Amino acid sequence: MSVAACPECDAQVKIEPDTRVSEIVECGDCRSELEVTSLEPATLTQAPEVEEDWGE
């Protein structure tokens, strides 16, 4: 298991060994949804907001 810093609150977020790039994880401190952008070293960014599709 590795750890990465939350980009929102700088808390340590645990990255499980079976986690993949582009997977969404949650910060245990601030509850932000974070996207795994790299595994070596473990790097997180703020997950993109899901926008509604109005059928356009």
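Looking across segment 9-31, just one residue is open to solvent by less than 90 Å² (accessible area, probe 1.4 Å) and on the phi > 0 side of the Ramachandran plot, and that is S22. I'd like to know if segment 36-56 contains one or more residues that are at pLDDT 95 or above, acidic (D, E) and out of contact with any helix residue (DSSP H, G or I) (no Cβ under 8 Å at 6 or more places or on another chain). No. Within the chain, the set of residues being touching a Cys at 6+ places or on another chain (Cβ under 8 Å) and part of a loop (DSSP other than H, G, I, E, B) comprises C6, E8, C9, A11, C27, D29, C30, S32.
The values are calculated or read from the model by the stated rules, or taken from the named source; none is laboratory data. None of the values given here were measured: they were computed from a predicted structure. Cβ coordinates were reconstructed from backbone atoms using ideal geometry, including for glycine residues, and neighbour counts include every protein chain displayed. Accessible surface areas use protein heavy atoms only, side chains included; no ligands, DNA or RNA. Shrake-Rupley method; radii C 1.70, N 1.55, O 1.52, S 1.80 Å.
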